[in-house]
1. Using the structure shown, decide if A:I282 is modelled with pLDDT of 75 or more, surrounded by 18 or more Cβ atoms within 10 Å (Cβ to Cβ) and assigned to a helix (DSSP H, G or I).
2. So which residues in segment A:406-433 are within 15 Å of A:I350 (Cα to Cα) and in contact with a strand residue (DSSP E or B) (Cβ under 8 Å, 6 or more places away or on another chain), if there are any at all?
3. Can you tell me how many residues within segment A:207-230 are over 22 Å from A:D304 (Cα atoms) and among the β-branched types (V, I, T)?
4. Quick one: would you say A:L162 is under 28 Å from A:V119 (Cβ atoms), crowded, with 18+ Cβ neighbours inside 10 Å and of a type outside the set (D, E)?
5. Which helices (runs of 4 or more DSSP H) does segment A:54-152 wholly contain that include 1 or more residues that are within 14 Å of chain B (Cβ to nearest Cβ)?
6. Please name all residue pairs, on different chains or six or more residues apart, with Cβ atoms under 8 Å, provided the first residue is in segment A:220-233 and is surrounded by 15 or more Cβ atoms within 10 Å (Cβ to Cβ) and the second residue is part of a helix (DSSP H, G or I) and among the small types (G, A, S).
7. Looking at (1) in contact with a Lys or Arg (Cβ under 6 Å, 6 or more places away or on another chain); (2) more than 28 Å from A:D103 (Cβ to Cβ); (3) not acidic (D, E), which is the one condition that is false for B:M63?
8. Cβ-Cβ below 8 Å, separation at least six or inter-chain, first residue in segment B:5-24 and touching a residue at least 12 places away in the same chain (Cβ under 8 Å) and within 13 Å of another protein chain (Cβ to nearest Cβ), second polar (S, T, N, Q) and surrounded by fewer than 19 Cβ atoms within 10 Å (Cβ to Cβ): which pairs?
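The values are calculated or read from the model by the stated rules, or taken from the named source; none is laboratory data. Note that this is a predicted model, so its numbers are computed, not measured. Methodologically, a virtual Cβ is constructed for each residue, glycine included, from the backbone with ideal geometry; neighbour enumeration extends over all protein chains shown.
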Amino acid sequence: MKIKFLYLNLTNYPYIEEYLDKMAKNGYILEKILLQNIFIFKKSNLKNVKYSISPFQYETALNILTPDEVNEFNDACSNIGWTYIEKTSNLFIYYTVLSDLEDIHTDSEVEFNVVYKLVKNQVKFHYILLPILIFLTWIQLSNIYSSPDIITNSLSQIQSLLIPLASILVVNELIYIRHFLKLNKNRQEVNEEIIFLKRNQKFYSFIMKLILFLLAIFIINILFMGVMLGNKFIVFAYIPLLIGSIFGFLYRKFIKVKKSPKKNKLFLLLLVLVFAGSLSFISSLLFINDIASDIENKSFEIMDKKASILAPISYMVVDNSYNDFNNIEYAKFISEDLANIFFNRKIKRIKANIKSRNIPYVNDLLAEKDFLPPSRLERLNLSLEDFEEYKKLDTEDAQDLIINKLLDASFEQVDKNILPLDFDEAYFTSVFKDDLIIKINKEVYILNGVNLDNGESIDKNLLKLIEVSNKL
Amino acid sequence: MKNKKNKALTQSMYYVLLSLTKPRHGYEIMQYISDITKKRVSVGPGTLYALLPKFEEDGYIKMISTDDNKKTYLITDAGQEILNEEINRLRLLLSDGETILKGCDNYEN
């Protein structure tokens, strides 16, 4: 067996055909193509093997072609002596050992049209994909600089490499196939042969191999987190993908094959997409409800367990006994520097959350003309007098002042005497002093809904947490 | 109805349209072309199955039945018109050629 990494596309398939012929002469025939680029050859004694790569649109859930149409084409090829091996990138690969066999494509003008049309579709697809990837790249890159979660979440870390690499690949492909179209644009009109491109594969191969490697790690990570760490949230994140795949399969299997007009099929496809989207949304809600009711009566329930190179363990502890705390986020890092970065980013995130959560509330209050009961101002740590003063100002200024005052009141350094713990740094993060963020060496704890009247109990729970973490 | 770009049909296009003056499915079309041209012209499956949906989209042929997952097509009036135009064009080519080769070229400088 031999495995080769090759770039096969509508722009270069005659060169790959030549390569396959050469491999056959050396005693290796193509057995399978995995992931579009990995060509698996097996040793063979067959003599005079000849390949034919034929451009033909293949059937997917999103195009109007049916499997029967593809099968009919395949049958016709096998009827004249070509044996089907594999399909990839709208190219069907056949071989034969018979000599003087009729070609699969006998009209170069028609072949030209097919290739040109399919390549144009590829360009359209790349133009749709590119803005999405650029947007995702932008999100991922900004996450690298600001998100605390990227340090604890291995999937985010892989994505932040995978998505920019995919964007580079798509840009590279787009340049390449546009060049192909430009080169051939006027040749068809003057009945000239199509020019295929003999591509230098080094750059493409390097990026593609990296992407495949990262994808493999991504999948292993999902399995590890789902199966080994029992993280239910991973399942939740992939519900839409799962439902989409099931519906795509069902649509292809039962609706596309029906003998009905193409317009009806397109309408049904739209219905299926809407239905699958709604179902994904509803099942996600049901899933969240399920988790919420599952943990409702549990105390000290560890969930959302994650592991990454930078943070070997992180999770959330939910406690519904409502005695000492509601939940604790915990993360342990490989270095204190990383713990500091996470700690500071988390504080920034909490501040941003406080701001975004309270701005609409502040605006509502400022818009009210009736008398406000002081209880409605407690959440903002404002007295009625102060509020009346702010109300006299311009709305935007008043909003800024109130929010800044709220942030000042929410964030307060925790006194070493309040918590009987040997911590490096700790802050209250809410007005009512029931939320805290604590850093101890390489560990960060984020506690919500804490009952500080019972300091000993917090200490006991944190110690329990440390004990649990050490065992994980 | 003119051919979309007013271009001549290729040999394959011509014979595929010609073969569909009677209902035929894919493999039958290939066989028929091979038979009537005494194997002088062959239309490969890649060419045929690219032309059939294109002609159907252009309204030159229509699918009339699907049996055993094989689609049977028949030429339409528009397709017949294209075919007639092509035959006339070929007649003119032939006549021009014969005229000149017989030494009756009145346009010689």
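1. Numbers: modelled with pLDDT of 75 or more: yes; surrounded by 18 or more Cβ atoms within 10 Å (Cβ to Cβ): no; assigned to a helix (DSSP H, G or I): yes.
In short, no.
2. The initial filter retains those residues of segment A:406-433 that are within 15 Å of A:I350 (Cα to Cα), namely A:406-413, A:426-433.
Answer for segment A:406-433, where residues must be within 15 Å of A:I350 (Cα to Cα) and in contact with a strand residue (DSSP E or B) (Cβ under 8 Å, 6 or more places away or on another chain): A:S410, A:F411, A:E412, A:Q413, A:A426, A:Y427, A:F428, A:T429, A:K433.
3. The total comes to 2.
4. Values: under 28 Å from A:V119 (Cβ atoms): yes; crowded, with 18+ Cβ neighbours inside 10 Å: yes; of a type outside the set (D, E): yes.
Judged against the criteria, A:L162 is a match.
5. Details: elements: A:67-79, A:108-146, A:149-152.
The helices (runs of 4 or more DSSP H) meeting that bar are A:67-79, A:108-146.
6. A:N221/A:S154; A:M225/A:S154
7. (2)
8. Final answer for the pair search is B:L9/B:N3; B:Y15/B:T37; B:R24/B:T72.
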